[in-house]
Amino acid sequence: MDARAYIEAHRDEFVSSLKEWLEIPSISADPAHHGDVRRSARWLSDHLTATGFPTVEVWETPGLPAVFAEWPAADPAAPTVLVYGHHDVQPVDPVSEWETDPFMPTERGTSLHARGASDDKGQVLFHALGVSAALAASGADAPPVTVKLLVEGEEESGSVHFAELMRANRDRLACDVAVISDTTMWAADTPSMCVGMRGVTDAEISLYGPERDLHSGSFGGAVPNPLKAMSDLLSGLHDEDDRVAVPGFYDGVVEADQAERDLIAQLPFDEREWLATAASTATWGEKGHTTLERIWLRPTAEINGMWGGHTGSGGKTIVPRSAHAKVSFRLVPGQEPLHVQERVRAYVEAATPAGLRAETEFSGPGVRACASDLSSTALKAARASMERAFGAQVLFTREGGSGPEADIADILEAPLVFVAVGLDEDRIHAPNEKVEVPLLLKGAESAAYLWEELGTVGLG
């Protein structure tokens with residue numbers, strides 16, 4: 001039996017198992033559900049054991065547990081592949097907007113609706129089916145590559161203990177490539193691979209002037225106004241080409257090559273539809289780049305909010321004592337969040353007039369961007385495997401956000417490859433999350449072919 005036939009024959013069994021897992025409300029951000037996150041880890045551990053993985057362990061952290069599994073290849077010289085995913089899910093508020101109970105999985109046509117269906121339980125579980133399909137197709141007792149799974153339980157609450165967990169278990173997690181299955185494709189009829197994710201850092205900027213609000217008739221125009229200075233500072237974040245104007249901001253940026261830009265240009269992107277989704281009437285951004293390039297390939301500076309002085313009803317003619325703003329910066333490969341923070345802090349100090357005092361506070365160390373090597377054997381193998389499963393050309397995308405992928409690449413010193421089948425319309429993080437079951441089956445088929453492909457070509 002070939003892999004596709006095996007997967008189709010086991011569809012109902014796969015969906016039934018996924019439903020059982022989705023019934024567990026493993027919301028890591030809610031302490032009331034931490035017991036459920038632990039129950040979710042045990043469920044996955046039991047499932048992977050039943051699948052046949054010789055090694056399955058629940059790894060505790062100072063927070064919530066991860067699950068580790070390993071199935072060695074028969075050939076000790078075969079490549080080792082680590083699959084990353086997460087078993088915790090987002091909160092479900094507002095519950096009133098759900099059409100069905102978020103933890104009572106419901107099939108509607110080809111869709112399966114439940115919290116976590118797409119992000120990320122469905123995409124984790126297809127790997128277990130993929131391993132079984134690869135073994136059925138080969139008739140072997142072990143996969144052609146050593147397959148490891150690391151499924152964390154805190155991704156939806158910041159992966160706060162994940163980097164240390166990897167460092168502590170670096171030897172057990174050693175691999176030749178890391179496969180990420182926590183992203184999306186362009187569309188069901190346009191299969192694609194994510195090849196990069198932007199990073200982020202954010203800050204609150206405050207400017208302080210007089211010790212109290214001042215009468216604008218007595219002092220206005222004669223002392224520096226914090227709100228006016230903040231307006232100037234924020235407007236100076238971009239130059240005439242709408243590039244970020246913070247000195248040193250672009251240090252280290254790795255530019256996308258023309259081949260990737262050409263593949264992005266092949267995507268059936270309708271800008272009018274995109275604007276309708278954005279509830280906007282116009283595009284804006286760095287000159288010389290398309291809309292998709294702006295949200296995937298380019299770093300940004302965004303003003304998220306600003307306040308100060310009198311904002312209530314009626315007039316109040318004052319020079320305010322302070323002004324405040326929240327800003328965020330999306331980062332691309334090559335940019336280090338801590339370096340960007342240093343550059344932003346220096347920019348704020350330089351832009352603050354005499355007589356005002358500036359404070360710039362960042363919410364944390366930030367998240368680094370990550371990207372796949374488009375010339376790598378692993379990426380080529382993954383693309384070929386998806387094209388074999390889908391019977392169509394696989395294009396490249398990137399994503400605007402990021403998770404712990406950069407830490408995975410750095411700590412494990414392994415290249416990243418993204419094999420995922422979620423869709424933007426899956427409503428991840430929103431009410432009525434769903435996943436397309438036929439796409440999960442294609443994901444399992446892609447994984448089965450990937451192990452075969454990597455076992456044949458290696459990773460040299």
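The values are calculated or read from the model by the stated rules, or taken from the named source; none is laboratory data. This structure is a prediction, so every number in the text was calculated from the model and none was measured. As a convention, Cβ positions derive from the backbone with ideal geometry for all residues, glycine included, and neighbour counts pool all protein chains shown. All accessible areas refer to the heavy atoms of the entire protein, side chains included, with ligands and DNA or RNA removed. Shrake-Rupley method; radii C 1.70, N 1.55, O 1.52, S 1.80 Å.
Among residues belonging to region 1-39 that are closer than 30 Å to S385 by Cα and small (G, A, S), point out the one that is least open to solvent (accessible area, probe 1.4 Å). Top of the filtered list is A3.
If E387 satisfies all but one of (1) modelled with pLDDT of 95 or more; (2) buried (at least 22 other Cβ atoms within 10 Å of the Cβ), what's the number of the condition it fails? Failing condition for E387: (2).
Inspect all residues belonging to region 315-327 and state whether any of them is under 20 Å from the mean Cα position of the chain (by Cα) and open to solvent by 60 Å² or more (accessible area, probe 1.4 Å). No, region 315-327 contains no residue that is under 20 Å from the mean Cα position of the chain (by Cα) and open to solvent by 60 Å² or more (accessible area, probe 1.4 Å). Taking first residues from region 269-285 that are over 13 Å from I295 (Cα atoms) and partners that are among the aliphatic types (A, V, I, L, M) and open to solvent by 90 Å² or more (accessible area, probe 1.4 Å), no Cβ contact under 8 Å between residues at least 6 apart in sequence or on separate chains turns up.
Pairs meeting the criteria (first residue in region 46-60 and within 15 Å of H87 (Cβ to Cβ), second residue surrounded by fewer than 16 Cβ atoms within 10 Å (Cβ to Cβ), beta carbons under 7 Å, at least 6 apart or on different chains) are V56/T49; V58/R42.
Is it the case that L423 is out of contact with any helix residue (DSSP H, G or I) (no Cβ under 6 Å at 6 or more places or on another chain), surrounded by 22 or more Cβ atoms within 10 Å (Cβ to Cβ), within 30 Å of E99 (Cβ to Cβ) and not polar (S, T, N, Q)? No; evaluated as a whole, the condition is false for this residue.
Within region 219-262, the residues that satisfy the criterion of being among the basic types (K, R) and at pLDDT 95 or above are K228, R243. Set side by side, the residues V195, V254, V200, V223 differ, and just one is β-branched (V, I, T), open to solvent by 30 Å² or more (accessible area, probe 1.4 Å) and part of a strand (DSSP E or B), which is V200.
Determine whether F68 is open to solvent by less than 20 Å² (accessible area, probe 1.4 Å), modelled with pLDDT of 95 or more, assigned to a loop (DSSP other than H, G, I, E, B) and within 15 Å of L150 (Cα to Cα). In short, no.
Would you call G158 within 13 Å of the chain's Cα centre (by Cα) and surrounded by fewer than 18 Cβ atoms within 10 Å (Cβ to Cβ)? So that I can check it myself, show each step before the final result.
On the way: within 13 Å of the chain's Cα centre (by Cα): yes; surrounded by fewer than 18 Cβ atoms within 10 Å (Cβ to Cβ): yes.
Here the answer is yes, as G158 does meet what is asked.
Those residues that are assigned to a strand (DSSP E or B) and under 15 Å from E152 (Cα atoms), I need them from region 24-58; list them, please. If you could, list the steps in order and put the result at the bottom.
As a first pass, look at region 24-58 and keep what is assigned to a strand (DSSP E or B): 27, 55-58.
Passing the criteria: I27, V56, E57, V58.
Of all residues in region 360-377, those satisfying the criterion of being within 15 Å of V195 (Cβ to Cβ) and under 20 Å from the mean Cα position of the chain (by Cα) are A369, C370, A371, S372, D373, L374. Restricting attention to region 75-113, the residues that are on the phi < 0 side of the Ramachandran plot and part of a loop (DSSP other than H, G, I, E, B) add up to 21. In region 287-313, the qualifying residues are those that are of a type in the set (G, A, S) and within 22 Å of Y208 (Cα to Cα), and the one that is surrounded by the most Cβ atoms within 10 Å (Cβ to Cβ) is G308.
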